[in-house]
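> One structure, pasted below without further comment.
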Amino acid sequence: AMDSVLIDSLSNIPRIMDTVTVVDTVTVVEIQEKTIETLLHESKVEVYFGINEFSISDQERDKLSPIAEFLNKNPEVSVELVGFADNTGSVAFNITLTEKRVAEVTKTLTEYFKIAADRISVSNGGLIVRGRSKGSVEADRKVEVRIVKK
């Protein structure tokens, strides 16, 4: 009964109608051609590591080369590093391992590719992928290098 009273009271609220006037105008727009360079098909690159390892292989280091070239051509862009570990080992060990992996990618970008350290940020803490399986999954042992605007 109370719902009926509420619905009836709402139906008595007067409706307000707005009037919109459309004026036909012509606007001249000058279009400038701009080339926008894209880095890759995705906005991140994943650098993978071996079990309990934080050193970067030559193959994984080579994945950072396009990132470095892109950063050198686009000074307004920076990168964010996010470390991951698989679900083997203790949480404390894996957090330390993700920090070491991120530090190694940072070192590679700054020392090998000569990218300024202020263009590299690190997300808070390491992320440990905990699934139902107890085994080690290669795709979980990585650092994501994400392209971000300053």
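> Return only the number of the condition from (1) in contact with a strand residue (DSSP E or B) (Cβ under 8 Å, 6 or more places away or on another chain); (2) modelled with pLDDT of 95 or more that residue 113 does not satisfy.
Among (1) in contact with a strand residue (DSSP E or B) (Cβ under 8 Å, 6 or more places away or on another chain); (2) modelled with pLDDT of 95 or more, residue 113 violates only (1).
> Scan region 53-63 residue by residue and report those that are open to solvent by 80 Å² or more (accessible area, probe 1.4 Å) and not in a helix (DSSP H, G or I).
Listed by number, the residues that qualify are 53, 54.
> Out of (1) open to solvent by 60 Å² or more (accessible area, probe 1.4 Å); (2) under 19 Å from the mean Cα position of the chain (by Cα); (3) at pLDDT 55 or above; (4) not charged (D, E, K, R), what's the single condition that is false for residue 41?
(3)
> Another question, if that's okay. Tell me yes or no: at least one residue of region 84-91 is open to solvent by less than 60 Å² (accessible area, probe 1.4 Å) and not in a loop (DSSP other than H, G, I, E, B).
Looking through region 84-91, at least one residue is open to solvent by less than 60 Å² (accessible area, probe 1.4 Å) and not in a loop (DSSP other than H, G, I, E, B).
> Any idea which residue in region 98-121 is most open to solvent (accessible area, probe 1.4 Å), counting only those that are farther than 23 Å from residue 85 by Cα and not in a helix (DSSP H, G or I)?
Only one residue fits best here, namely 114.
> Let me ask you something else. Taking the criterion of being acidic (Asp, Glu) and at pLDDT 95 or above, would at least one residue in region 91-105 satisfy it?
So far as region 91-105 goes, yes, one or more of its residues are acidic (Asp, Glu) and at pLDDT 95 or above.
> State all residues of region 64-78 that are open to solvent by less than 90 Å² (accessible area, probe 1.4 Å) and in contact with a Phe, Trp or Tyr (Cβ under 9 Å, 6 or more places away or on another chain); if no residue qualifies, say none.
If the condition is that a residue be open to solvent by less than 90 Å² (accessible area, probe 1.4 Å) and in contact with a Phe, Trp or Tyr (Cβ under 9 Å, 6 or more places away or on another chain), then 64, 65, 67, 68, 71, 77 are the ones that fit.
> Going by the structure shown, is residue 75 at pLDDT 85 or above and assigned to a loop (DSSP other than H, G, I, E, B)?
Yes: the conditions hold for residue 75.
The values are calculated or read from the model by the stated rules, or taken from the named source; none is laboratory data. Here the structure is a predicted model, which is why all the values come from computation and not from measurement. Using ideal geometry, Cβ is built from the backbone for each residue, glycine included, and neighbour counts are taken over all protein chains shown. Note: areas computed on protein heavy atoms with side chains; ligands, DNA, RNA excluded. Shrake-Rupley method; radii C 1.70, N 1.55, O 1.52, S 1.80 Å.
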